[in-house]
1. For segment B:125-174 and segment B:54-111, what is the separation of their Cα centres, given in Å?
2. Evaluate the relative contact order of chain B (contact order divided by residue number), counting alpha-carbon pairs under 8 angstrom at least 6 apart; express in whole percent.
3. Loop sites only, by DSSP: take the trypsin sites (Lys or Arg not before Pro) in chain A that have at most 15 other C-beta atoms within 10 Å and name the longest stretch containing none of them.
4. Under 16 Å from the 7 Å Cα→Cβ point of A:VAL135, by amide nitrogen: which residues of segment A:94-125?
5. Using only the Cα atoms of the protein assembly as shown, build the gyration tensor, take square roots of its eigenvalues as a ≥ b ≥ c, and label the shape rounded, prolate or oblate: rounded if a/c is under 1.5, else prolate if a/b is larger than b/c, else oblate.
6. According to the square roots a ≥ b ≥ c of the eigenvalues of the Cα gyration tensor, what is the shape class of chain A, taking rounded for a/c under 1.5, prolate for a/b larger than b/c otherwise, and oblate for the remainder?
7. Would you mind telling me which residue in B:MET61, B:MET171, B:MET111 has the biggest mean-square fluctuation in a Gaussian network model of chain B, where springs connect alpha carbons within a distance under 10 angstrom?
8. For A:GLU155, which inter-copy label distances result when the label point lies 7 Å beyond Cα on the Cα-to-Cβ vector, reported in nm to one decimal and in ascending order?
There are 2 protein chains.
Amino acid sequence: MAEQRQERADAARNRRAILRAAEALLAEHGPDHVSVERVAAAAGVGKGTVFHRFGNRMGLMRALMEERANALHEAVASGPPPLGPGAPPETRLIAFLEAVVDLTTRNVGLMAANEHAIATQRHSTESRHTSPVYVFWHGHVAGLIAEARPELDAELLGHIVLGSLHTELVMGLLRRGEPERLAVCLRDLATRLLGPSPCPHAG
Amino acid sequence: MAEQRQERADAARNRRAILRAAEALLAEHGPDHVSVERVAAAAGVGKGTVFHRFGNRMGLMRALMEERANALHEAVASGPPPLGPGAPPETRLIAFLEAVVDLTTRNVGLMAANEHAIATQRHSTESRHTSPVYVFWHGHVAGLIAEARPELDAELLGHIVLGSLHTELVMGLLRRGEPERLAVCLRDLATRLLGPSPCPHAG
DNA sequence: TACGAACTTGACCGACGGTCCACTTTATGG
DNA sequence: CCATAAAGTGGACCGTCGGTCAAGTTCGTA
């Protein structure tokens with residue numbers, strides 16, 4: 001048991017170089033033009049090194065995602081309200097959705113590459129829903145929905161709400177210069193979902 | 001102008017053979033195991049023929065999608081209520097969502113292959129949102145939402161609602177033997193969205 | 001029947017994700 | 001400080017895929 005071997009210094013240096021290179025390439029090219037080999041070249045390493053570090057293309061993207069999502073993760077888990085614990089579920093949900101839309105919007109390239117990686121992998125044991133980052137997001141959203149409205153299918157609604165972060169939709173909005181719309185729309189949606197029930201049996 | 005040349009008889013025969021072969025392969029293998037070449041082989045046709053007919057992998061999938069979605073399309077456009085015209089928007093929306101969930105559920109393989117085709121294409125000028133089938137579905141949903149609740153962002157909500165048909169979610173539910181959940185959840189969602197407003201400015 | 005247009009074909013191409021193993025570098029403990 | 005084993009590295013190599021193309025074939029028609 002006890003502590004397993006530390007990552008060697010040169011390995012850590014290369015890991016950082018690879019992540020930075022991938023970051024840079026994704027910032028200026030579409031995900032389908034950022035092959036693992038190009039990332040390796042840009043990082044000044046061999047292709048084999050990248051696979052040794054990250055397992056496969058998905059592993060690389062996942063590592064990048066975790067890096068980017070880290071701040072939000074901590075803010076949600078132990079930061080001040082309304083993002084962190086303490087505020088009522090509806091408030092927290094709205095705050096989280098705004099934050100996660102913002103995060104996604106600022107990292108469309110990465111998100112696209114992540115979806116691309118999932119879609120192109122040969123043996124599809126992994127999916128978007130098994131990515132740690134997504135699992136955390138979904139757990140949080142579903143938890144808040146369940147807390148506020150136990151009678152709803154919180155798990156499913158969580159997936160649906162987070163589905164609005166799919167690259168295609170986000171990129172479309174960005175291209176049309178309307179990055180605000182999604183957050184607004186989701187705020188409305190959350191309000192209607194968690195807000196006071198509209199006298200359900202009126203009809 | 002005037003009518004362009006008819007498709008030749010042998011070409012039409014091959015087109016059908018290809019579609020049937022693709023259908024059969026998709027019914028029993030994951031989309032990533034159904035390459036264009038395999039479809040061609042199964043149809044007893046050269047690979048080039050498939051590309052000549054359908055342009056690229058996406059074209060093939062799109063043709064299959066249109067075939068499958070045709071009945072629903074007509075039912076919505078000119079069939080009897082509640083699917084067709086005549087019923088109030090909320091009723092029509094719920095009926096349409098149920099039908100489209102059912103259609104998707106019964107064709108997960110095709111849907112998966114379609115998403116796969118979109119994700120793996122090199123020059124991403126095409127997207128899910130530009131597929132004729134999706135455009136029709138979205139137009140219908142967004143139209144109904146707008147009709148019932150003009151103050152909402154119907155276009156965006158349409159995309160979000162239809163986003164719940166993504167393969168990953170649907171397949172997950174099917175694997176867990178809960179194919180009904182999605183339709184139920186969407187019915188709830190539609191009801192809450194289009195139902196009586198919960199006194200929006202209560203806070 | 002003859003002719004041009006439509007169609008078919010499969011070898012070929014470039015790119016990709018991923019593997020493999022001979023080689024180099026690092027940390028460690030005597 | 002050096003010997004040694006474990007960790008890390010690199011890039012040639014593999015199989016597969018979507019897509020192209022030029023040469024050959026078949027069909028509809030005048």
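Computed from the coordinates by the stated procedures, all read-outs in this text should not be read as laboratory data. No experiment lies behind these values; they were computed from the predicted model shown. Every residue, glycine among them, receives a Cβ derived from its backbone with ideal geometry; neighbour counts consider all protein chains shown.
1. With segment B:125-174 and segment B:54-111 each reduced to a Cα centre, they are spaced 12 Å.
2. Reported as a whole number, the value is 19 percent.
3. Between exposed loop sites, the widest span is A:9-105.
4. Once the point is set 7 Å along Cα→Cβ of A:VAL135, A:125 turn out to lie under 16 Å by backbone N, inside segment A:94-125.
5. Oblate is the answer for the protein assembly as shown, as a/c is 1.5 or above yet b/c matches or exceeds a/b.
6. Since a/c reaches 1.5 and a/b is larger than b/c, the shape of chain A is classed as prolate.
7. Looking only at B:MET61, B:MET171, B:MET111, the biggest GNM fluctuation is shown by B:MET171.
8. Reported distances to equivalent positions: 3.6 nm.
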